[in-house]
Protein chains: 2
Amino acid sequence: MELVQRMLQGDQRALARLMTLVESRGPERRRIMSEVYPHARRTRVLGITGPPGAGKSTLADRLVSRFRGRGLRVGVLAIDPSSPFSGGALLGDRIRMSRHSGDRGVFIRSLGTRGNRGGLARATREFALLLGAYGKDVVIVETVGVGQTELDIMDLAHSVVVVFVPESGDVIQTMKAGLTEIADVFVVNTADREGADRLVAELRAMVEIDPQRADREIPVLMTQAFKDVGLDELDDAITRHWQYLDSQGDGWEDQAFVDELRDVLIEQVRDNLDRSVRDAAQVRALIAAEGFEADNPYLVAERIVADRGLAARLLLDHEGSVDDN
Amino acid sequence: MELVQRMLQGDQRALARLMTLVESRGPERRRIMSEVYPHARRTRVLGITGPPGAGKSTLADRLVSRFRGRGLRVGVLAIDPSSPFSGGALLGDRIRMSRHSGDRGVFIRSLGTRGNRGGLARATREFALLLGAYGKDVVIVETVGVGQTELDIMDLAHSVVVVFVPESGDVIQTMKAGLTEIADVFVVNTADREGADRLVAELRAMVEIDPQRADREIPVLMTQAFKDVGLDELDDAITRHWQYLDSQGDGWEDQAFVDELRDVLIEQVRDNLDRSVRDAAQVRALIAAEGFEADNPYLVAERIVADRGLAARLLLDHEGSVDDN
C-alpha cells in the first residue's frame, strides 16, 4: 500500500491517516497491519497506569523530555479517560502535552472507544505497532484507572509503571494481592504530601512478600512530577528494566507472537461475525432457514458451529468486506 | 444434566457447583448454559456501579431488604474489586452482606477473574442466567469502578444505577459526555456531605442536555444509604424503569438475543483457539508444516482463515474438549 510506504518514509500525515483507518476498523486494517508489522519489532512499549489524578500525564511528560534528551524518538498514546462514555469526542486528537507539540520527534495521539468496547487494548496494540514502524524508539501508553481494561492494555507493554498518590491508600487495599503481577516499577507521586512515606513502606512490604518477584527487582520510587523531582531515578529504573528484558532472551517474544496470533484471529472472526449476523431480522431468517430452535442462543450457536459450511460463511468469510465498506 | 435438574428444583449446592463449573470454563459450560437459558428469561438484572467508596454495597443491601419485603427472590453478584489482580482470592465467596446471609431467598456470590480477563462480563452474564433459572426474580450486579470493563458488564443489566458521592465531582468531569448512555438512575450518596447539592444540580443539567434521553426520564436522587434515607425513592425509580421497559415491547429483547448469539459464538471460537494454538512450539510446527511466513502474525492469521480446512480445525473443532479436560 502506498500509504504504508509513505508512512515508513516518515510522512506523518500518512501515519495519522493509517491510524484513522485502523481505528475505524475498516477492511483495510488487516492489510495495513500485515505490512506494518515487520517494521515495528524493536520499539519499547512503556505503560503508565494508576488512578485518576495521580499525575500520570505529568510523569509521562517529564519522561518524554528525558528520552528526547538521549535522542530517542517517542510516541505517546493517551487512552482518553472520557472515552468509555464519550467516544473520545471531548479530547479527540487534542494534543495534551503542549510543550512537546512542536517537537517533530514526539507524536501524541489519544484513543477513543466508541463502538469498540473490548477492542481498546487491540487498537492500542495496533497504534503502538504503527508508531514503531514509523520509527519511534519508545511508545508511552498512558491509561487512567486500575480496572480490567487497563490491565488488558498493560499486557501489551514491555514495562509498566504503576503510579499512586498518598491518597490512593484505599484503592491499593482492595487490590493489593496481585499488583506486583503487572508493575515493573511503583511510583508514589506528590511524595511531599502527607502519607507518602507510609504508602511507600506498604508498597515495599507488598513487593517483598510477592513470590513471583523472586527473579526481578520492583523498585518503589517517590516523585514530585510537577517539580521534576525523582524523575532521573524513575528514568534509571525503566532503563534497568529494559536491560533486564534484553537479558531474558526471546522466550518472551515467542509467547508474545502466539498471543498476537490468537488476538488477530479472534478479531478477524469478530469482524466477520459483526457483518454476517447483524440484526434480529437476519437472525430470525437464518433460524427459519436452518430449522434451529429459535429462542436459545446457546443452542443456535452450537448448531452453527456443527454445520461447517454455515459456520465458515458466518465466521470466516470476509470477501464481502472490501465491497461492503 | 442431572446437576441442572437439581438446581432447577431449588438445590442451592447444585447452583454453586454449576457456577464453579461455568467459571472454570470447562467443556461442560456450553451444555449447562444451553439447558439453563430457557428457564432464565424473566429475571430483572439491576446494575449498580460507581467509583470505589461510593457506598454501592450498602445501597445494594438496602435494596435487597425492600425487594425481599415484596416477596421477590434476590441474587447478588459482586464483581470483586480485588479481582483483576488477585483473582478474587481475598474475598472469594465470602458473604459480604452478612445480615442477608441467613435468608434463603438471597444468594450472594462474588466473581473473580484470574485467567479470565475480558471474560468477566461474559461470566457475569452466565451467573445472572443461572440465578434466573434458579428462581431469582432480581439479580443485582455490583461493580466497582467506572471503566470500560464495568460498562461491558453493565451492558447486560436491564437497569443501571450509577452512584456517586459529593467527592466524585472530578471523576464525573472527565466522563460527563456520555454517562447518561448507561445510567437509568443517578444516585448521589452520602447526600448530607458538603457538595451534594451542587453535584445533583450538575447531574441534572447533564441529563437535561443529553439528546438520547428524549423518551425517558433519568432521575437524579439523593440518598444516605447508611441511615436508610432516600431508599424508598430509589426503589420507586427502579420499579418505574422496569415498567418503562415492559412498555417498550420485545424490540429490546430481539437485539439482546443477537448480542447474546454473537457473544456465545465468539466465546466458543476463543475456547477452541485456546486449545488448538497453545504455545510457541506448536505454532512453529504449524508454520513449518504449512509453509507460512513465520514472523508476521497478521500474515499467518490471513493464511489460516484462507485455508478452510485448517481454519475449521483451529477455530471450530471442539470434539477434543470433552476428553481434554
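The values are calculated or read from the model by the stated rules, or taken from the named source; none is laboratory data. Just so it is clear, the structure is predicted and the values come from calculations on it, not from any experiment. Methodologically, a virtual Cβ is constructed for each residue, glycine included, from the backbone with ideal geometry; neighbour enumeration extends over all protein chains shown. Calculation scope for accessible area: heavy atoms of the full protein, side chains included, ligands and nucleic acids excluded. Shrake-Rupley method; radii C 1.70, N 1.55, O 1.52, S 1.80 Å.
Annotations
- Distances between equivalent label points of B:Arg204 across the copies, with each point positioned 7 Å along Cα→Cβ, amount to 5.1 nm, shortest listed first.
- The accessible-area ordering, largest first, of the residues A:Lys56, A:Lys227 stands as A:Lys227, A:Lys56, per a 1.4 angstrom probe.
- Solvent exposure of B:Arg204, expressed as accessible area, is near 120 Å², computed with a probe of 1.4 Å over the protein chains only.
- Here each label is just a point 7 Å from Cα along the line to Cβ, and for B:Arg42 and B:Asp11 those points are 2.4 nm apart.
- Packing rank of A:154-167, B:270-283, where each peptide gets the mean count of other beta carbons within 10 Å, highest leading: A:154-167, B:270-283
- Take A:Trp242, push a point 7 Å out from Cα through the beta-carbon direction, and compare it with the same point in every other copy: 5.8 nm, smallest first.
- Amide hydrogen neighbours beyond the local backbone of A:Ile140, cut-off 5 Å, H modeled: A:Leu46, A:Gly75, A:Val76, A:Leu77
- Estimated inter-spin distance, B:Gln282 and A:Asp259, nm [label 7 Å along Cα→Cβ]: 1.7 nm
- Inter-copy label distances for A:Ala288: 5.3 nm (label point placed 7 Å from Cα along Cα→Cβ; shortest first).
- On a per residue basis, the convex hull of the C-alpha atoms belonging to region A:227-322 measures out at 224 Å³.
- Length added when fully stretched, A:Asp103-A:Ser57, from 0.36 nm per residue minus Cα-Cα: 14.8 nm
- Geometric descriptor of region A:23-65, per residue, is 121 Å³ (volume of the convex hull of the Cα atoms).
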